[in-house]
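I have placed the structure first, in the form of C-alpha cells, so that the comments after it can refer back to it.
The values are calculated or read from the model by the stated rules, or taken from the named source; none is laboratory data. Keep in mind the model is a prediction, meaning the values are calculated, not measured. Here the Cβ is made from the backbone with ideal geometry for all residues, glycine too, and neighbour counts use every protein chain on show. Ligands, DNA and RNA are excluded from the accessible area calculation, which covers all protein heavy atoms including side chains. Shrake-Rupley method; radii C 1.70, N 1.55, O 1.52, S 1.80 Å.
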Amino acid sequence: MGKIEWAMWANEQALAAGLIYVTGGIVGVAGQFRGWQFAAFGIAAGVFVCLLEYPRSKRGKGTSVERTGQYCFTVCVKAFGPLTRNYYVRAFLHAALCVPGGFMLATVLGCVCLGIASLIYLSAAIHGEHWEPILPRTEPPKRVGDSIKEPPQNPPPRPPPELRRKKADKLETAAYDNPMSVTVNE
Amino acid sequence: MSNWIINHGLSAFILVVWMGINIFLFVYYYLFYDQGPQFEYTRELLGSALPWARAPAAVLNFNCMLILLPVCRNLLSLLRGSFICCGRTMRKQLDKNLTFHKLVAYMIALMTAVHTVAHLLNAEWYTNSFQGLYGPLASKLSMLDDSVELNTTYLNPVRSNSTTPTLLVFTTIAGLTGVVITLALILMITSSMEVIRRSYFEVFWYTHHLFIIFFAGLVFHGAGRIVRSQQVTDPPHNNSFCEDQPESWGNLTGCPIPQFAGGFPQTWRWVIGPMIIYLCERLLRFIRYMQPVSYRKIVIRPSKVLELQLVKPGFKMAVGQYVFLNCPAISQLEWHPFTMTSAPEEDFFSVHIRSVGDWTENLIKMVENLPEGGQGPKMAVDGPFGTASEDVFDYEVSMLVGAGIGVTPFASILKSIWYKFKDSDPKLRTKRIYFYWLCRETYAFEWFADLLQVLEREMEERGMRDFLTYKLYLTGWDQSHVNHAMVHFDKDTDIITGLKQKTSYGRPNWDKEFEQVKQENPSSVVGTFLCGPQALAKDLEKKCVKYSDVDPRKTKFYFNKENF
C-alpha cells in the first residue's frame, strides 16, 4: 500500500457519475419532465464521460488491472494525446459538463457526482499524475542459450561393436546397454 | 451435487432466505401502496410511482438494518464462541461476513437507484398536478391547503406555483436528506471498489466512515412525513362516489373535504438496534485500545521481519487468531491486522511483521533505532478475533496449506500442537496433520523454518514422526536452485531450509496429495485449511468437493479459508 494515486479513485467516481448522469437523463427524457433538454444533454454528456473514463490508466507504481475489453477504448483515448493525458484538462472538462445537470432535478445527482470527480482529478493533477495507456506488452522472444543453435558436430564416443553386444547371461538383469562402465571402482 | 450441498448448502440456504425476505417485503409493500384505499387519492396524483418508491424503501429498511451487523468483529467472535454447540457448519457462515456485507451493500445500491428514480417521477408529477395538468380531481386534491380555519389538510407537498421539483427536493427534509445520503452512498461505493481497496486502504477506510452521515440522514429521512394517506372523516368521504365531482366537496353530505395525514417515520425502528450494537462494538474496540500493552521481547529477524512479543493483561487467545495493532506514533487512526504467531499456551502473544507498506516500514525503522533492551513505541491492541483456524483441532485429520505470508497462522497452530503434545492434552482430537508450505522463495520465512526444525526434533524424540507430515514447495525456483540441488543431492538435510524433509520444486499436484490423504485416512473427516491466494482457494475447494464421499463412513473433506 503506497502513496495514493488520486486518479484511480477519480476514475471510479467519474465512471459512476457518468452512469448516474445517463440514468437521470433517461428518466428526464422518458418522463418528459420540464427542462427535458437538460436531461438530453445529461445523456450525451454521461455517455461521453463513460467512454472517456472506461479505460483505466497505467499505475505509476504497481500492477495495473485492466477493465474487461478496455483495449479499444484505450486506443481511442490515447489518440487525443495531451488532451486526455493531462488531468487538469479532465478536471475542467468534467466541471464544465456537470454544470447543465444542475438545472434539472433528474440530473442533479449526476452533476454533483461529476463535480466531485472533477475535484479529485484536480487533486490528482496537482500531485503531478497523468494518464498513461495500458498497452499489451510485446515480450521479446525468450532467449534460449546460444549453445542450442550449435548441434554437436561429432557423435558421442562409443566402444567398438564387440563390446556393445548384450551379454546373453546378463540379459534379464540388464535394464539397458551400458556402453561404458558407471561404477567408480572398475 | 451432494458434495456441493455438504460444502455450500448452508450458505445457499441463508442467501435464499435473505432474498426471499427481500422479495416478500418488496411485493407486500408494493401491493400495500398500490391497492390500499387510503392511498387512492395519492395514486391519483402519482400513479404507480408511489408504490414503486415505497416498495424499495421497505427493502432498504431491512437491508440497512442488516448491513451493520456483519462488521461487528467482536460480536461475531462472541457468537462464534457460543456456537461451539451448533457445529462447524454454522460457524463457517460467520467467516463469510464480509461477503454478506458486500451483498447487502449491492442490494442497498440497487434499491436506492429504484427508489430515487421513482421519487424523481413523484416530484415531477406532484408539481404537474399542482399546476393543473392532470385534470380537475388532481387539481382539487392539490389545492387542498394545510389550514386550521378551513379545516383542511394538504395532500400535495407542492404548495405554490413557483415550486419546481428541484426546489421541492431541497426544501423538504425528505428530499434534502435523500440527496445527502445518496451522495454519501455513492462515495462509499466508489471508494470500496476492489482496485482502490487493495491499493489504498486508507482512502477506503476513511471514506467509508461516511456511513455515519448515511445513517443519520436515513433516520431523519421520514421525519417530514411527506407520504400522506387519507384519514377517516366523520361523515366518511366516499371515494368512488366523490371522485367524479371534486367541485362539490364540502357541500354534499357524502363528500366532506377529505383529510390526510403523514405516516409516522418507520426507518428508525429498523436500524436503531444495529446502530446501538455497532456503537457498542466501536466502544469495545476503544476500551481495548486503552488497555496498556508492554513489550516482552523485540527481535529483528532476517529479511526485514520484525517479531514483537507483547503482554497485555487479561488477553486470551486461541490458535490462528488475529489482532489489530495501532501505533499512535505512526498513525492515529490506522489499525492493521496481524495473525498471531504464538500459541495460547504461552504467557505472551507474538506477531511477525513484514515490511510491506508505509506503516510496517515506519514501525521497523522506529524499532531499529531503539536502544538495547528498550520498550517499543506505544502500541494498542484490539482483538483477538477468530478465524477458521480455531477449528483445526476439531477435525481428526487436518490439511493445512499456507501460501507465502499465509503460513503465519499455522505457526501458531504448530506451536500449539507442540505444547499440547508435551502436556498430553486430551482435548486434542487431531490424529494427523498434513502441512503444505508453498512459497516463491524462503526470503522472510527463515523464522518459520526454524520453528519446523524444532518441531521435527521434538517429533523424532517422541517417536511420533507420523503425526505431522509436512511438505515444502518452492514455487519460484530457477536454474541456480537446480544446480545447487544437483551438487548437494545426497545430503541428509535440505539445502534451503536445513530440514530433514526435502523441499519440492514447483507447485504441488493436489490430486496426488488428496489421494494420498484419502488413502491414509479412509474413514475420517478431513478439514482443509488455507491461508493464501484466491486462485488456490478455488482449486482446493474443488478438490475437497471432488474427493469427498457422501457416505458418512468414508473420507469427507471440508474446506475452510481464512480471510482478512
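Numbers below:
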| quantity | calculated |
| --- | --- |
| Residues of the stretch A:51-72 satisfying the condition of being part of a helix (DSSP H, G or I) and either of a type in the set (S, T, N, Q) or within 14 Å of another protein chain (Cβ to nearest Cβ) (or both) | A:E53 |
| Residue in the stretch A:125-132 that is away from chain B (no Cβ under 14 Å), in a helix (DSSP H, G or I) and open to solvent by less than 40 Å² (accessible area, probe 1.4 Å) present | yes |
| Any pair with Cβ under 6 angstrom, 6 or more apart, that starts in the stretch A:128-147 at a residue that is β-branched (V, I, T) and ends at one that is at pLDDT 75 or above and not in a helix (DSSP H, G or I) | A:I134/A:K58; A:I134/A:S64; A:I134/A:E66 |
| Checklist (1) closer than 23 Å to B:V195 by Cα; (2) open to solvent by 60 Å² or more (accessible area, probe 1.4 Å); (3) not acidic (D, E) applied to A:F92, failing item | (1) |
| Verdict on B:E396 being within 30 Å of B:Y547 (Cα to Cα), in contact with a strand residue (DSSP E or B) (Cβ under 8 Å, 6 or more places away or on another chain) and open to solvent by 10 Å² or more (accessible area, probe 1.4 Å) | yes |
| Residue within the stretch B:234-256 that is under 22 Å from B:R54 (Cβ atoms) and exposed (fewer than 15 other Cβ atoms within 10 Å of the Cβ) present | no |
| Number of positions in the stretch B:276-324 that are part of a loop (DSSP other than H, G, I, E, B) and in contact (Cβ under 8 Å) with a residue 24 or more places away in the chain | 13 |
| Test result for B:Y134, in contact (Cβ under 8 Å) with a residue 24 or more places away in the chain, open to solvent by 80 Å² or more (accessible area, probe 1.4 Å) and under 19 Å from B:P246 (Cα atoms) | yes |
| Qualifying position, being open to solvent by 50 Å² or more (accessible area, probe 1.4 Å), within 28 Å of B:H101 (Cα to Cα) and outside the structural domain of B:K415 (by the TED database), among B:Q321, B:Q332 | B:Q332 |
| 1 or more residues at pLDDT below 90, out of contact with any helix residue (DSSP H, G or I) (no Cβ under 8 Å at 6 or more places or on another chain) and surrounded by fewer than 16 Cβ atoms within 10 Å (Cβ to Cβ): qualifying helices (runs of 4 or more DSSP H) within the stretch B:1-97 | B:2-35, B:73-82 |
| Meets criteria (within 7 Å of another protein chain (Cβ to nearest Cβ), closer than 26 Å to A:A106 by Cβ and part of a helix (DSSP H, G or I)) for B:T177 | no |
| Some residue of the stretch B:325-345 being modelled with pLDDT under 85 and of a type in the set (G, A, S) | yes |
| Residue in the stretch A:38-47 that is open to solvent by less than 50 Å² (accessible area, probe 1.4 Å), within 11 Å of another protein chain (Cβ to nearest Cβ), touching a residue at least 60 places away in the same chain (Cβ under 8 Å) and in a helix (DSSP H, G or I) present | yes |
| Selection status of B:D492, of a type in the set (D, E, K, R), within 41 Å of the chain's Cα centre (by Cα) and modelled with pLDDT under 80 | no |
| Matching residues in the stretch B:354-370 - criterion: being open to solvent by less than 30 Å² (accessible area, probe 1.4 Å) and away from chain A (no Cβ under 14 Å) | B:I364, B:V367 |
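Yes or no, residue by residue, for (1) of a type in the set (F, W, Y); (2) within 9 Å of chain A (Cβ to nearest Cβ); (3) surrounded by fewer than 18 Cβ atoms within 10 Å (Cβ to Cβ):
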residue: B:K140; (1), (2), (3): no, no, no
residue: B:E149; (1), (2), (3): no, no, yes
residue: B:N156; (1), (2), (3): no, no, no
residue: B:V169; (1), (2), (3): no, yes, no
residue: B:S199; (1), (2), (3): no, yes, no
